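Contents: one structure, followed by commentary.
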Amino acid sequence: LNADIWTNEYLPAVFVHDGEVFPDAGLRFRGGRPRLFRKKSLKLDFTEEHLFQGRERLNLNAAAMDDDYLTEPLAYWFYARTGLETSTARFVRVELNGEFWGLFIDVEQVDERYLAKFGLDPQGALYKAVGIVGSLRQLDGITYEGQEYTYQSQYEKKTREEEPYSDLIGFINGLYSTPPQAMGTYLEANLEVDQFINYLVASNL
């Protein structure tokens, strides 16, 4: 696993939880820059025939920059209490080949099952912002230190991967092209406004 810390290829692993054995699991590191830390976050993949607690993916965050381990679980706890759809988070003890490897935080994967749990369309287009400029800004012709950024480099499609990014691009372009007097109508038609306000308030708090 340490031979190439940047690969997103899952390597064969045997995962055991509470006596239940998953012999066909896959394991890789997860995250960006934190992969350079000594303690790395982990991602596990399970087969459709043998899911882990109904989940196909398991994210184990190392919390390598959080000395008390509480920041991330408390954030999810707080978001949930503002009425937001949010991942569950819990502490887990990880052992490797029978020896204690570390305390990690199990954060629920945002995927089709997650969407269905909250009554959202599991076949809807789900994007993950993965770049440094992927914050709902227009990217046409945006360059930094000679590198041109694209929507594909800043957002990762988690569902409907074969489709173009036209829905996301259209929404972002609408944010910039809609005149101020019509912005309220545009947002009401394209955004869960109350939930987004709750998200902004919770994030700032």
(request) Kindly provide the helix-only [θ] at 222 nm of the chain, computed as the sum of -39,500 (n - 2.57) over DSSP H runs of four or more divided by all residues, to the nearest 500 deg cm²/dmol? (result) -8000 deg cm²/dmol
(message) Using a 1.4 Å probe on the protein heavy atoms, what percent of the accessible area of the chain belongs to carbon and sulfur?
(response) 53
(request) Express the Stokes-Einstein translational diffusion coefficient of the chain in µm² s⁻¹, to the nearest whole number, given a Kirkwood radius over alpha-carbon pairs, 37 °C and a viscosity of 0.692 mPa s. (result) 168
(request) For the chain, find the longest principal axis of its Cα atoms and tell me its angle to the long axis of helix 71-81, 0 to 90°, nearest 10. (result) 50
(message) I'd like to check one number: the per residue accessible area of region 145-201, probe 1.4 Å, reported in Å² as a whole number.
(response) 68
(request) Any chance you could check the Cα centroid distance between region 41-81 and region 5-21 for me, in angstrom? (result) 14
(message) If every alpha-carbon in region 77-155 counts as one equal scatterer, what log10 I(q)/I(0) does Debye give at q = 0.16, 0.20, 0.21, 0.24 1/Å?
(response) -0.87, -0.96, -0.98, -1.07
(request) Inverting the mean 1/r over all pairs of different Cα atoms, compute the Kirkwood radius of region 113-205 and quote it in Å. (result) 15.2
(message) Taking θ = phi - 60°, what integer Hz values does the Karplus form 6.51 cos²θ - 1.76 cosθ + 1.60 yield along region 54-60, in sequence order, with x for Gly and Pro?
(response) x, 10, 8, 10, 10, 9, 10
(message) Taking the 0 to 90 degree range and rounding to the nearest ten, how far is the long axis of helix 180-190 tilted relative to the main principal axis of the chain, both from C-alpha atoms?
(response) 40
(request) Excluding VAL16 itself, calculate the net charge of residues whose Cβ lies under 13 Å from the Cβ of VAL16, where each Lys or Arg counts +1 and each Asp or Glu counts -1. (result) -3
(message) What does the charge count around PHE37 come to, taking other residues whose C-beta lies under 14 Å from its C-beta (Lys +1, Arg +1, Asp -1, Glu -1)?
(response) +4
(message) Can you give me the angle between helix 166-177 and the longest principal axis of the chain, using Cα atoms only, in degrees from 0 to 90, rounded to the nearest 10?
(response) 50
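Within 10 Å, at most 10 other Cβ atoms, and a DSSP state outside H, G, I, E, B define an exposed site. Report the longest part of the chain free of exposed GluC sites (Glu not before Pro).
Longest site-free region, per DSSP loop and neighbour criteria: 50-144.
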(request) Determine, for the chain, the count of lysine pairs separated by eight or more sequence positions (or lying on different chains) whose alpha-carbon distance falls under 18 Å. (result) 6
(message) I need the P(r) histogram for region 29-103: all alpha carbon pairs, bin width 5 Å from 0 out to the longest distance, whole percents.
(response) 3, 13, 18, 23, 22, 14, 6, 1, 0
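Using only C-alpha positions, report the orientation-averaged shadow area of the convex hull of region 155-205, nm², one decimal. Before the final figure, lay out each step's value.
Numbers: hull surface 19.1 nm².
Dividing the Cα hull surface by four gives the mean projection, 4.8 nm².
The values are calculated or read from the model by the stated rules, or taken from the named source; none is laboratory data. If you're wondering where the values come from, they're calculated on a predicted model, not measured in any experiment. Methodologically, a virtual Cβ is constructed for each residue, glycine included, from the backbone with ideal geometry; neighbour enumeration extends over all protein chains shown. Heavy atoms of the whole protein, side chains included, go into the accessibility calculation; ligands, DNA and RNA do not. Shrake-Rupley method; radii C 1.70, N 1.55, O 1.52, S 1.80 Å.
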